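Take a look at the structure below.
Just so you know, all these numbers are worked out from the coordinates, no wet-lab data involved. Keep in mind that what you see is a predicted model, and the values were worked out from it rather than measured. So basically every Cβ, Gly included, is an ideal-geometry build from the backbone, and we count neighbours across all protein chains shown.
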Amino acid sequence: MTSAWLETILRMGAAVLAGGLIGWDRQVGGRPAGLRTHMMVGLGAALIVSIPLSAGLADTSHVVQGVATGIGFLCAGDILHQVRDGHERVKGLTSAAALWVTAALGVVAATGAWRHLVVGTVGTLLILVAMKPIERRLMKDHEGAVDSSPQG
């Protein structure tokens, strides 16, 4: 196996791994887009970007822009607008954002920017996992403040 094959496997595998880590968090939380979806988005973005890179094209910015735009359509399908008991709610924004970041990580993996891939993946997981209890606490405090007001 040549070094080009190994490099391609490493880059595509890294995109799948990054997507899998993020997707696992979403899957465990019972979110709409889970493990396999995130893995596919990471791999798909990496594959799309790897073509002009392997062809030796100097400017891949249009391809990257296409990935960012295309993933936006997939993310839009993940967002639901609901009205229950007279209250409007939007669900799926965090899952859509996670998909969008996963696509970006796939692009990064395809370029071999390993530090960016690690920092982006760890940062995303910190936001999704570590911020959840903080967000719940803030929302609970906010709801208590709203409920205790005279208008309430």
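Summary of values
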{"read-out": "Of 13, 56, 34, the one that fluctuates the most in a GNM where the chain has Cα springs shorter than 10 Å", "value": "56"}
{"read-out": "Least to most buried among 137, 31, 11 (fewest other Cβ within 10 Å first)", "value": "137, 31, 11"}
{"read-out": "Projected-area mean, segment 3-147, by convex hull of Cα positions, square nanometres", "value": "10.1"}
{"read-out": "Protection proxy ranking of 37-43, 64-70, 3-9 - average other beta-carbon atoms within 10 Å, highest first", "value": "37-43, 64-70, 3-9"}
{"read-out": "Two-site FRET efficiency, residue 81 against residue 126, from Cβ-Cβ distance with R₀ of 41 Å, rounded to 0.05", "value": "0.90"}
